[in-house]
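Structure record follows, encoded as structure tokens.
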Amino acid sequence: MGCRSTAGAPPMEAGGVQAIDQIEDLLRRLARSELDAGYRFGSDGKLRLVFPMPTWEDYLTLAFDEIRQSGTASVQIMRRFRSALIGLIDSVSTPERAETVCRHIEHLDAGIDN
């Protein structure tokens, strides 16, 4: 929905901004969560299964890369997108996650400057 909303006429910008609002809310919830929960233990307490789980970087990429690429023509969407990323910095639980958010802000700013 976020990408489709960014690709149209100005009335579609409101839909893109609303999509970013929802994405930011979900990411804020994930920001303080333990994301490496890919472990299952047997009834005897022994580790039985390890499986890959999405990382914080994966979630940010999934949430924002397409919007960043398709929404560059909309100042309103880019402004809201940047605001969402800056807000996430306050929500993350580790410096590493904050650093990841900062990298996404740098990518966004590089796209805006070009």
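The values are calculated or read from the model by the stated rules, or taken from the named source; none is laboratory data. Please read all numbers here as calculations on a predicted model, not as lab measurements. Note that we place each Cβ from the backbone using ideal geometry, even for glycine, and neighbour counts take in every protein chain shown.
Against the criterion of being free of Cβ contacts under 8 Å to residues at least 24 places away in the same chain, touching a Gly at 6+ places or on another chain (Cβ under 9 Å) and outside any strand (DSSP E or B), MET53 qualifies.
Going through the range 16-32 one residue at a time, which ones are more than 13 Å from LEU88 (Cβ to Cβ), more than 13 Å from the chain's Cα centre (by Cα) and touching a residue at least 40 places away in the same chain (Cβ under 8 Å)? Answer for the range 16-32, where residues must be more than 13 Å from LEU88 (Cβ to Cβ), more than 13 Å from the chain's Cα centre (by Cα) and touching a residue at least 40 places away in the same chain (Cβ under 8 Å): GLY16, VAL17. Does ALA73 qualify as being among the small types (Gly, Ala, Ser), more than 11 Å from the chain's Cα centre (by Cα) and assigned to a helix (DSSP H, G or I)? Judged against the criteria, ALA73 is not a match.
On the stretch given as the range 23-37, residues that are modelled with pLDDT under 85 and not hydrophobic (A, V, I, L, M, F, W, C) total 2.
Scanning the range 30-49 for residues that are surrounded by 10 or more Cβ atoms within 10 Å (Cβ to Cβ) and either touching a strand residue (DSSP E or B) at 6+ places or on another chain (Cβ under 9 Å) or assigned to a helix (DSSP H, G or I) (or both) yields LEU30, ALA31, GLY38, TYR39, ARG40, PHE41, ARG48.
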